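This report refers to the structure that appears directly beneath it.
No value in this document is a laboratory result; all are computed from the given coordinates. Keep in mind the model is a prediction, meaning the values are calculated, not measured. Cβ placement follows ideal geometry from the backbone for every residue including glycine, while neighbour counts extend to all protein chains displayed.
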Amino acid sequence: MKETTENTILELIGSQKIYFSTHQTKTIHFRLNQLKKLRQVVVQNQKKIEEALWHDLHKSAEEAYLTEISIVLSEIDKHIKNLKNWAKPKRVSTPIHLFPSSSQTVYEPLGVALIVAPWNYPFQLLFNPLIGAISAGCCSVLKPSPDTPIVAKLMEQMIAENFDSSYITVVQGGRETNAVLFSQRFDIMFFTGSPKVGKVVMQAAAENLTPVVLELGGKSPCVVDAGADIEVAAKRIVWGKLLNAGQTCIAPDYIFAHHSIKNELLDKIAHQFKSMYGDNIKQSRFYPRIINEKAMERLAALLKQGTIHTGGEIDFKEKFIAPTIIDNVEPHFSIMQEEIFGPILPVMTFNKIEEVPDYINKNEKPLALYYFGTNAAAKNVLEKTSSGGACINDTLMHVGNHNLPFGGVGNSGIGKYHGHDSFLAFSNSRGVVSTPTWIDLPVKYVPFKYFKFLKKFI
């Protein structure tokens, strides 16, 4: 992917700042029209989006729709339905000592936004935050990943043909383009990617005191307790792990299984591999591919420790790694030191549930936590741990509810979005106090003659 020159980037940002200063993006009518236009563009290009995702990631049309297109469309619908109410100033109570003033929260767009997306869900993770930017009234510079070039070019075409570049534009490139973008003075930076690059973004943003939303990742644990329905747990774990061949930021990263059910669980997970994808998984049109050779080499190196229970087959030419279970994993193994981001499922064992929060809390806070077992035990685990989101007796499903905030905590991210939280992420919640002039109480003025009286009310 060809890098975008610094001059081009500066010109685009400059034109967006000028356009934003015209205040056209702030009207509710304008925002709703842009959301409706974006929806129409997505629907019209659905087939092309599916084909591009197949070309870049070997995603089936079904998976492309479920995990990318449908999420974007439902997010747009959520904003169209609720924007007028979200954007309306909210009156709040005013303390008696501020009488006769009134108070309200007013929502204003932050300004020109930078949105940088990763390659694993290249369409959804660029357009979803864009919806929030449009809804809040911002202009946007969009930066897709160069690792999914067909999708990136298609999105550039979709935006260029339907939106003025002074309002929404796409810039292409790799690290050089990112470095130029991160050094600019945006009004908000929205980045989805690894914690390593997230630190770079945050450091660059600090130079201009630019607010950031960082959607990162981490090792999301999947706890399977003795009280779990093993059949259901196996099916739901496999579904959540193998979407996009495990290249999902909220995929179950590792299993933490109770010793009494571990063997049964692993056998049922292995059975589900074949039940969902067939005996020859490599030939299944539903099984995506690893993004590139570098990722293949990294994942292959993770197979060297522990005992392979199921899978382990690798085909570098096809960028294929079979769904793999690794048993007898220890916390110090390489596979437990970094987010896997692939179809490899390491397994650790516990005897008492108290061991689970102890282990999780010794490590960075994960983006997601999954627990299979009784609701009472789940409540106990959730109370004693922290994560960006969580599911009880399921995986990934929290990302599908636009009424829930989505995002990380600590090393797994900063800030939330989806639904109303997306609107808020790109907005400044501005507190406004209005004081009439028909009366001017003397209590607040120097030399504070009525201070004793004032103290009773503050």
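Pairs exceeding a 28 Å alpha-carbon distance, out of LYS304/LYS384; LYS2/LYS319; LYS2/LYS47; LYS352/LYS416: LYS304/LYS384; LYS352/LYS416.
Comparing GLY342, MET276, TYR121 along the charge dipole axis of the chain, the residue lying farthest to the positive side is TYR121, per the Cβ-charge model. Modelled spin-label separation between ASP440 and LYS294, with each label point placed 7 Å from Cα along the Cα-to-Cβ direction: 6.6 nm. Taking Cα centre as origin and charging only the Cβ of basic (Lys, Arg, +1) and acidic (Asp, Glu, -1) residues, the dipole magnitude of region 221-400 rounds to 420 debye. Between VAL106 and ASP358, the simple spin-label model (points 7 angstrom out along Cα→Cβ) gives 5.6 nm. Taking a cut-off of 15 Å, what percent of all Cα-Cα pairs in region 75-119 are separated by more than that? In whole percent, the share of Cα-Cα pairs in region 75-119 beyond 15 Å is 67. Only Cα pairs under 8 Å and 6+ residues apart enter the sum, and on that basis the relative contact order of the chain stands at 19 percent.
Once whole DSSP H runs in the chain are found, which of them have Cα atoms spread over 15 Å or more along the helix axis and a mean Kyte-Doolittle score of at least -0.5? Answer set is 6-20, 28-44, 70-87, 124-136, 149-162, 195-207, 230-242. Averaged over residues, the count of other Cβ atoms within 10 Å places the peptides 65-71, 8-14, 246-252 in the sequence 246-252, 65-71, 8-14, highest first.
Within the shell of other residues whose beta carbon sits under 10 angstrom from the beta carbon of LEU125, the net charge comes to -2, with Lys and Arg scored +1 and Asp and Glu -1. Pairs of Cα atoms in region 129-287 fall into 10 Å distance bins, from 0 up to the last occupied one, in shares of 9, 27, 25, 20, 16, 3, 0 percent. Here region 14-114 has an Rg and Dmax of 19.7, 65 Å, counting Cα atoms alone.
Gain on full extension, evaluated as 0.36 nm per residue between ASN208 and LYS153 minus their Cα-Cα distance, stands at 16.8 nm.
Charges were assigned to the Cβ only: +1 to each Lys and Arg, -1 to each Asp and Glu. The resulting dipole of the chain about its Cα centre is roughly 1980 debye. Quick one: Cα centre-to-centre distance for region 187-209 and region 1-80, in angstrom? Between the Cα centre of region 187-209 and that of region 1-80, the gap is 21 Å. In the chain, the C-alpha radius of gyration followed by the widest Cα-Cα span (Dmax) gives 24.8, 87 angstrom. Just so you know, the averaged projected area of the alpha carbon convex hull for region 269-403 sits at 9.7 nm².
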